[in-house]
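Read through the structure below, which is laid out as structure tokens, and then see the notes.
Throughout, read-outs are computed from the coordinates displayed, never taken from laboratory work. Note that this is a predicted model, so its numbers are computed, not measured. As a convention, Cβ positions derive from the backbone with ideal geometry for all residues, glycine included, and neighbour counts pool all protein chains shown.
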Amino acid sequence: MTKTLRSFERSLPMTLLQTREAVMKKFIPSLKAYDLTSQQWRVIRALEHESNLDMSTLALRCHLLMPSLSRIINHLDKRKLIERQAVDSDQRRSIILLTEQGLALFEKVAPKSVERYVEIEEKYGVRKLELLYELLDDLIKTLEEEDS
């Protein structure tokens, strides 16, 4: 049985991209107020959540390609929001951590992010949002199992 290609608007990748864009429209204005891109904020959030990550681990956690992460790290370093420390056992590797300034910026931006989540929950519904997380987690797990 031959299946036909889904319509462009109803393809899963396009729907997920449209969803991401709709969600990010809520977050980007508060990030811009602090001169941050969404990728820079993602890195700051990851480092606040788990400090002392090496570049490879940080790239995986943030779903960023290494060249993009390198540019982001350079930018955050120039702003003195992060610092790099060489790993004693391997001088070629370094770990990345938030500076006091980086942590202070996180503390300023995080409440704005919380406000956006509250707005989304109020409009969309807490239960529906939790269900969406569960469904997306299940889809990720199912597709990753397929690749193993």
So who's got an amide H within less than 5 Å of the one on L53, skipping anything under 5 residues away but keeping other chains? H placed 1.01 Å off N, in plane. I96
What spacing in nm lies between the two simple spin-label points modelled at A104 and K128, each 7 Å away from Cα in the Cβ direction? 4.1
Grab the DSSP H runs of the chain that are 4 residues or longer, score each as -39,500 (n - 2.57), total them, divide by all residues and round the 222 nm result to the nearest 500 deg cm²/dmol. -23000 deg cm²/dmol
Mean separation of Cα contacts under 8 Å (6+ apart) over length of the chain, as relative contact order %: 19
Can you give the net charge of the other residues whose Cβ lies under 10 Å from the Cβ of S30, counting K and R as +1 and D and E as -1? +4
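Which helices, taking whole DSSP H runs in the chain, have alpha carbons extending 24 angstrom or more along the helix axis plus mean Kyte-Doolittle at least -1.0?
12-32, 100-124, 126-147
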Beyond 12 Å, what share of the Cα-Cα pairs of segment 1-41 is found? Please give it as a whole percent. 66
Test of the criteria: in segment 1-91, which chymotrypsin sites (Phe, Trp or Tyr not before Pro) are in a DSSP loop and have at most 15 other Cβ atoms within 10 angstrom of their Cβ? Y34
Are there trypsin sites (Lys or Arg not before Pro) in segment 1-57 that DSSP marks as loop and that have at most 12 other Cβ atoms within 10 Å, and which are they? K3, R6
Count of lysine pairs in segment 1-138 with Cα atoms under 28 Å apart, counting only pairs 8 or more residues apart in sequence or on different chains? 24
Could you tell me which of rounded, prolate or oblate describes segment 10-109, using a ≥ b ≥ c as the square roots of the eigenvalues of the alpha-carbon gyration tensor, with rounded for a/c under 1.5 and, failing that, prolate when a/b is larger than b/c and oblate otherwise? oblate
Ordered by number, the trypsin sites (Lys or Arg not before Pro) in segment 78-148 that occupy a DSSP loop and have at most 12 other Cβ atoms within 10 Å are K80
Two pseudo-spin positions, 7 Å from Cα along C-beta at K112 and at E146, lie apart in nanometres by 3.8
